[in-house]
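For reference, the structure is listed below as structure tokens.
The values are calculated or read from the model by the stated rules, or taken from the named source; none is laboratory data. Predicted model, so just to flag it, every value in this text is computed and none were measured. As a convention, Cβ positions derive from the backbone with ideal geometry for all residues, glycine included, and neighbour counts pool all protein chains shown. For the accessible areas, the whole protein counts, side chains as well, though only heavy atoms, and no ligand, DNA or RNA atoms are used. Shrake-Rupley method; radii C 1.70, N 1.55, O 1.52, S 1.80 Å.
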Amino acid sequence: CSSDLAALLSTLFSKSKIAALCVPLLYFVFAIPGFAIPTTTGPAAFYLLSLLCPVPFSIALKLVFSYEINNGLGWNSAGSSTDEPYNLAVCLVFFIIDFFLYIGLML
């Protein structure tokens, strides 16, 4: 998913050196909402922000860390989340949606 976003963003620049400098910065800017959004925010905001590929990735990292600290992560616990409005299964679905979205926009 990250490489698809990077490829899409690189098509916006005409020179490769400028793209090599700007795309990592843009990727970092797109990742900030995933870490900055509070957990009290409604699920609609999470779903809207998840169209930016780094957001579901950062949320998935937070969820994996919280599961591993508490009781471990398994396939049976991936679809349930007690303290978050967003679970790991939704992150995986958004990875797939973002993949096809960015490939379609890139072509």
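Within the range 7-31, residues that are at negative phi reach partners that are β-branched (V, I, T) with beta carbons closer than 6 Å, at six or more positions or on different chains, in the pairs L9/V23; S10/V23.
Suppose the filter is in contact with a Gly (Cβ under 9 Å, 6 or more places away or on another chain) and either assigned to a helix (DSSP H, G or I) or β-branched (V, I, T) (or both); does A44 pass it? Even if it seems obvious, please write down each step before you answer.
Numbers: in contact with a Gly (Cβ under 9 Å, 6 or more places away or on another chain): no; either assigned to a helix (DSSP H, G or I) or β-branched (V, I, T) (or both): yes.
So A44 does not fit the description; no.
For the range 21-57, filtering for residues that are modelled with pLDDT of 85 or more and polar (S, T, N, Q) leaves 1. Checking each residue in the range 19-56 for being hydrophobic (A, V, I, L, M, F, W, C), open to solvent by less than 80 Å² (accessible area, probe 1.4 Å) and more than 21 Å from L8 (Cα to Cα) picks out A36, I37, A44, A45, F46. Filtered by the rule that a residue be under 25 Å from C91 (Cα atoms) and in a loop (DSSP other than H, G, I, E, B), the range 1-31 gives a lone residue, C1. For the range 57-92, taking the residues that are open to solvent by 80 Å² or more (accessible area, probe 1.4 Å) and outside any loop (DSSP other than H, G, I, E, B), the one that is nearest to L8 (Cα to Cα) is identified as F57.
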